[in-house]
1. Place a +1 charge on the Cβ of each Lys and Arg in segment B:53-147 and a -1 charge on the Cβ of each Asp and Glu, then give the dipole magnitude about the Cα centre in debye, rounded to the nearest 20.
2. List the aspartates and glutamates whose alpha-carbon lies under 12 Å from that of B:LYS240, not counting same-chain residues fewer than 8 positions away?
3. Apply the a/c threshold of 1.5 to the C-alpha gyration tensor of the protein assembly as shown and tell me whether it is rounded, prolate or oblate.
4. Using θ = phi - 60° and the Karplus form 6.51 cos²θ - 1.76 cosθ + 1.60, what ³J(HN,Hα) does each residue of segment B:204-219 get, whole Hz, x for Gly and Pro?
5. Over all residues in B:204-214, what is the mean tally of Cβ atoms on other chains that come within 10 Å of each residue's Cβ?
6. Quick check: Cα centre of segment A:329-400 to Cα centre of segment B:155-215, how many Å?
7. Report the calculated FRET efficiency for B:SER100 and A:ARG186 (r = Cβ-Cβ distance, R0 = 30 Å), to the nearest 0.05.
8. With angles folded into 0 to 90 degrees, how steeply does helix B:117-135 sit against the dominant principal axis of chain B? Use alpha carbons for both and round to 10.
Amino acid sequence: MLYFAPWKIALIVGAIVVGVLFSVPNFVPESVRLEQTSSEGEAPEPKGIWTILPHQTVNLGLDLRGGSHIVFEVDMEEVREERLTNLAEDVRNTLRTSPPIFSARPAVVGEEVVVRLSDAEDMDAAMARLRDLNEPVTTTGGGQGMAQTLDISRGEDGQTIRLSVTDAAFEAIQQRTVSQSINVIRRRIDSTGTTEPTIARQGDDRVLVQVPGESNPQRIIDLVGTAARLTFHMVESDVDIGPAGEARTPPGVMVLPYPGAAEFGASPYIAVQRRALITGDQLVDSSQQFQDGQVVVAFRFNTSGATAFGEATSQNVGRRFAVVLDGEVISAPRINSPILGGSGIIEGGFTVQSASDLANMLNAGALPASLTPVELRTVGPGLGQDSIEAGQTAVLIGFALVILFMLAAYGSFGVVSTVALLVNVVLILGALSGLQATLTLPGIGGIILTIGMAVDANVLIFERIREEYRNGRTVVNAVEIGYDRAFAAILDANVTTFIAASVLYMMGAGPVRGFAVTLGIGILTSVFTAFTFSRLLIAVWLRRSRPKTLAM
Amino acid sequence: MKLALVRFIPTESSFDFIRLRWAAFAVSAALMLGSLAAFFVVGLNFGIDFRGGTLIEVQTQEPADLGTIRSTMEEIGISAVNVQSFGSDTEVLITVGTMSPEAVMAMPGVEETGIDEEQAQQVVRSQIQAALSDQFEGIEYRRLEVVGPQVSGELVVAGTTAVIAALFLMLLYIWFRFEWQYSVGAVLALIHDVIATIGFFAVTQLEFNLSTIAAILTIVGYSMNDTVVVYDRIREKFRKFKTLPTEEVLNKAINKTLSRTVLTSGTTLVALIAMALIGGAALQGFALALIWGVVIGTYSSVFVAAPLLTLTGVKRTSDEDEEA
């Protein structure tokens, strides 16, 4: 008992020193640790001695530092519909290639594309052609499996063909759509200069966006939830449109809402050609600017866009074109002269904020599908600060009370457990900083709970020592037996709590997961400090003072 | 200088816990029945995590009148709303359950059309924010939470699964470390604690949310911890006193660990009471749940888990083989 092998001592002390080193940054002001000059959006670099020492502090959760946590759901229904519409178009084009196979127009019915051939004789030829549309599913890794993208079958009447997208293909589409969405969201949020946003896939079709310090979640919803599909279309002025947007449109023409038109007394609907002259991906370098006292979005075309727009405007001088954003017309200017410069502006009653957000979104690209917020949690900066302060006070007071309790009950052994408890809290802090785990408000609760429970191992050991001593053993012997006998109970007791913490972690939603992390770390460190470390302390003390009687 | 150390429990306690077991079982049975009755009759005050909806916590410059806020909510077309002060008279908590898209689109001032259920909840939030910002100058939004109907449904499943999974894993662990008779006793005691805690939430009408699930799992862990310590000692005593009647051995074991049980519960309670009093309104419900759990968990280890062993019939013959 009294003898600890030197390597053991080195290991115990080493572990504590490492823990202390990792916890120290939390007590040193940022200006001492980090370079002041860092570009926006990047974590500042450590300086001086902190380049070799750990320099990271505890990562505070959004509930403590303030910020927004929003989970978006990718609208896969919309993606499925779009895929089927495209498939119908492909079927039509395939059958039309010469020599054409005549059929009714392929239609989307439920989750299938149905095409009825004009002549049942063409069935085999049509099937053979349509099979060429089928291809192996490309997985996200880029590999190709056995699965095909389409199910193609003959209808019972011998004249119709049904095509549907296989589950495997749809899953691959879903994967791709979510990944693309994440990329677009990241570019959009980065462009606002936010520091340390978290953008991650959650489940099959959800994206989690966390932005520290943003207390207005609507801004993120607008930034992320807008598809930002921008297109330019020619206006068809000779279509009669009713007050509610009803109209008999010729083929290739559609009616779109134009909310801004009310300002100058025009109808809030406008008819435009279905075919887009220009799409948003042909625009580069969009930015918010002022022109004649108005806030506008300025842009340049890429080469193909400049050519297409130049041609279109040359042929249509005097007519109007519509700027369409996500199915709504935002402006419909008249073409006064051909626009050949390869750049332009969009007007549309913007505010500075909305114009710069739109510019950012155009630069970041359009989302492949709509996103709907399904969960939102925002904490303002004031509440976070209050929570930290209240939490800190509660930790300190809980700590002080527990120490008093232990000193009153165990005297000098209580001092040992107090030291062990102090080291324990430092180690928890160090582990949280080192692992960059997130400390949340329930996490602080977890630390307080750990402080209360951490002494349990000491209590178990000390009670056992008392008992063995009363049974007539010598001091040293009682201490030794006490530690040995208490170990099984300590182990079992902590394993069960650790099971609870692991389950919580796996179930893990935000703050609760933070609680699980601190509880789990706390269990590990408290077994180490209350058992191993306190044993070393007591061994050193016994060797020094060699007490004949046990004062406890 | 020699300070007298405090003895929280007499050194050689010899309470006859087992003799009290029928009384304790009766108390526990009453507690269970009461909890279940409260759960089914009164029900839990589910937070928006589990029922979906919108929660807004605001801080106003001047003390806010709850009645005025309620009538403002009525004006914008939100009737099923809960407005309460939270911490101080300038802090107000507003909660609204999930609203149907039809009801939301019928709210005055709502322009959106064709929205789905998830989008509707966001509209509710922005309408409330707009109305409050109009009414109170310099209002600060301290907390905004919107949980859509889909997510809240998933959280209910996840929460229930977590509690059941934790109970099951612990059953396995105790089975592995002890014999099945202990395992059954320990898990029965845990179920006892979980039901009593749910009863506590039904009676106090404290909000039942995700943190509550965390609290329940912690209580489960803590109570199991307590039970294991007692069981461990019981097993040891069984090996030592092979001929004593089971009741007497159990009593010896409980008494030997009593000092530890009281001390650990004491330190934990002291820390938790500090959290409940000073930790702020957000931690309070969590702390109260844990305080109740520690009390009930300590009680159940001594008065339920240990005495249950007289009923499950611990094998005492195979002890010699196990003594290695």
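The values are calculated or read from the model by the stated rules, or taken from the named source; none is laboratory data. Predicted model, so just to flag it, every value in this text is computed and none were measured. Counting neighbours? That spans all protein chains shown, and the Cβs are built from the backbone with ideal geometry, glycine included. Remember, those area values only see protein heavy atoms, side chains included, never the ligands or the DNA or RNA. Shrake-Rupley method; radii C 1.70, N 1.55, O 1.52, S 1.80 Å.
1. About 180 debye.
2. Output for B:LYS240: B:ASP319, B:GLU320, B:GLU323.
3. Prolate shape, in that a/c is at least 1.5 and a/b is the bigger ratio.
4. Each residue of segment B:204-219 in turn: 7, 6, 5, 5, 9, 9, 4, 4, 5, 4, 4, 5, 4, 5, 5, 4 Hz.
5. The shielding value for this peptide is 3.
6. Spelled out, the Cα-based centre of one part sits 42 Å from the other.
7. It comes to 0.30.
8. On a 0 to 90 degree scale, this one is about 70.
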